[in-house]
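The structure appears right after this line, and notes come after that.
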Amino acid sequence: MVSRRRTSRKKKGSGAAGILIFLFFFALVALMGATAWFVFTPSGPSQEVFVEIAPGSTSRQIAAQLESSGVIRSRYAFDAVRLWKHGSLKAGEYRFNEPATVPEVYSRIARGDVFTLAVTIPEGSTRFDIAQRLVQAGFLNLTQEKFLAATLTETPLIADLDPHAASLEGYLFPDTYRFQRRVTPTQVISAMVRRFRTEAAQIGLKQSPRSVHDTVTLASLVERETAIPSERPLVASVLTNRLDKNMPLMTDPAVIYGLQLKNQWRGAIYQSDLSSAAKDTPYNTYRHTGLPPGPIANPGAASLRAAMSPANSNYLYFVAAGLDPQGKSLFAATLDEHNKNVAAYRKAIKEANKEANANASGSSKTH
């Protein structure tokens with residue numbers, strides 16, 4: 001009798017333990033399933049959401065931001081992934097516009113895949129052009145006024161290259177840049193100047209026979225006078241030949257730049273802009289010999305090389321490529337030859353206009 005009762009208790013005890021074990025494993029599996037669902041099931045916004053992670057934010061603060069922004073379902077799932085990955089998270093602004101898993105979100109922040117805007121600065125852009133392009137690109141903390149002010153106050157960035165530079169004109173290297181939306185004018189300028197320094201080192205700018213200031217100024221004139229790379233050494237030769245003979249450079253882009261500085265540019269050059277004392281500026285290369293006071297634009301590498309090593313020529317005049325219907329500059333060693341080139345240019349313009357009018361007339365008749 002005694003032994004039978006003991007056996008019964010053992011059976012009841014083992015049954016209860018089995019139920020507890022089953023419930024434990026069931027709860028564990030359920031927890032793992034729920035965790036897996038939170039972690040590996042894509043979630044997040046169907047529309048664009050930006051999350052700004054401040055420098056020094058803890059992982060828990062980042063997880064809370066992501067949860068409150070609707071990027072992830074649970075901050076605890078993000079914490080679990082952090083414990084699993086053991087990575088470091090990077091500050092910056094992140095853009096989320098489609099559902100993603102928690103590991104995918106974590107990986108983006110760990111590798112610093114911040115949202116950036118691209119802006120392309122063409123060769124020959126002035127600092128005024130650059131300011132306009134930056135505003136058009138949509139950077140949040142940039143205005144034309146702030147950027148232009150910074151180009152005047154941040155000249156210490158190039159003090160070793162051009163100690164007397166009045167602005168950073170000429171040293172904002174043209175290229176395609178990517179910046180975060182909240183980038184500051186100083187950060188943009190610093191990146192462009194670093195890019196200039198990299199290019200200057202590659203082409204050996206400091207070894208130029210002229211000072212860096214004069215070389216960059218000459219290169220900016222070359223850049224604005226022709227967009228054809230093969231012509232730049234020839235254009236540089238014309239300018240240096242005139243400088244050697246103390247002849248006025250007579251470059252329209254320099255005149256235009258001076259008028260822009262005085263807010264007197266009217267969209268076209270008039271005779272009064274060239275000859276009037278009231279419109280005179282130090283950049284008027286018709287009235288003043290030598291180089292203008294500083295660069296009138298930001299030249300690319302090809303123009304910098306041309307200014308360092310102009311072609312060997314006896315040319316003193318040229319009709320700029322942009323004015324010629326055939327798209328090439330016309331060079332001359334004498335004024336008489338130059339006048340013939342000008343006459344040929346005017347004739348070509350007249351014929352091109354006549355042909356365009358004829359084509360327009362024929363097109364209108366067919367409709």
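Bear in mind these aren't lab numbers, they're just calculated from the coordinates by the rules spelled out. From a predicted model like this one, the values you see are computed outputs, not experimental measurements. Cβ atoms come from the backbone with ideal geometry, glycine included; neighbour counts cover every protein chain shown.
Give me the Kirkwood hydrodynamic radius of the stretch 221-351, using the inverse of the mean 1/r over all pairs of distinct Cα atoms, in Å to one decimal. Working shown, then result.
Numbers: mean 1/r = 0.0655 Å⁻¹.
In the stretch 221-351 this quantity evaluates to 15.3 Å.
Order these by the 10 Å Cβ neighbour count, fewest first: ILE158, ILE296, ILE228.
On the way: ILE158 20, ILE296 28, ILE228 16.
Starting with the residue having the fewest Cβ neighbours, the order is ILE228, ILE158, ILE296.
Counting other Cβ atoms within 10 Å of each Cβ, which chymotrypsin sites (Phe, Trp or Tyr not before Pro) in the stretch 231-272 have at most 12 and sit in a DSSP loop?
Numbers: sites: TYR257, TRP265, TYR270; in loops: TRP265, TYR270.
The qualifying sites are TYR270.
So who's got an amide H within less than 5 Å of the one on GLY124, skipping anything under 5 residues away but keeping other chains? H placed 1.01 Å off N, in plane.
ASN298, GLY300
I'd like the Karplus ³J(HN,Hα) series for the stretch 90-106: coefficients 6.51, -1.76, 1.60, θ = phi - 60°, whole numbers in Hz, and an x wherever there's a Gly or Pro.
Result, rounded to whole Hz: 10, 6, x, 9, 10, 10, 10, 9, 7, x, 8, 6, 4, x, 5, 5, 4.
Determine ³J(HN,Hα), in whole Hz, for all residues of the stretch 70-84 in sequence, where each value follows from phi through the Karplus function 6.51 cos²θ - 1.76 cosθ + 1.60 and θ = phi - 60°; x replaces Gly and Pro.
x, 6, 10, 7, 9, 5, 6, 5, 5, 4, 5, 5, 4, 5, 6
Can you sort ARG111, ARG195, ARG232, ARG305 from fewest to most other Cβ atoms within 10 Å of each residue's own Cβ?
Details: ARG111 11, ARG195 17, ARG232 26, ARG305 21.
Going from least to most buried by this count: ARG111, ARG195, ARG305, ARG232.
Give me the Kirkwood hydrodynamic radius of the stretch 49-110, using the inverse of the mean 1/r over all pairs of distinct Cα atoms, in Å to one decimal. Could you put the intermediate results ahead of the total?
Numbers: mean 1/r = 0.0879 Å⁻¹.
Answer for the stretch 49-110: a Kirkwood hydrodynamic radius of 11.4 Å.
How big is D, in µm² s⁻¹, for the stretch 117-203 by Stokes-Einstein at 25 °C and 0.890 mPa s if Rh is the Kirkwood radius over C-alpha pairs?
On the way: Rh = 12.9 Å.
Calculated translational D: 190 µm²/s.
Hey, what does the equivalent ellipsoid look like for the stretch 237-281, semi-axes from the Cα gyration tensor as sqrt of 5 times each eigenvalue, largest first, whole Å?
Working: eigenvalues 102, 23, 15 Å².
For the stretch 237-281, the ellipsoid semi-axes come out as 23, 11, 9 Å.
Dipole size in debye (nearest 20) for the stretch 90-169 around its Cα centre, Lys and Arg Cβ +1, Asp and Glu Cβ -1? Write out the running numbers ahead of the final one.
On the way: 7 positive and 11 negative charges, 66 e Å.
Using Cβ point charges on Lys, Arg, Asp and Glu, the stretch 90-169 gives about 320 debye.
Could you list, bin by bin from short to long, the percent of Cα-Cα pairs of the stretch 180-289 in 10 Å steps?
12, 33, 33, 18, 3, 0
Can you give me the relative contact order of the stretch 117-203 as a percent, contacts being Cα pairs under 8 Å and 6 or more apart? The partial results should precede the final answer.
Details: 113 pairs, mean separation 31.5, N = 87.
Rounded, it is 36 percent for the stretch 117-203.
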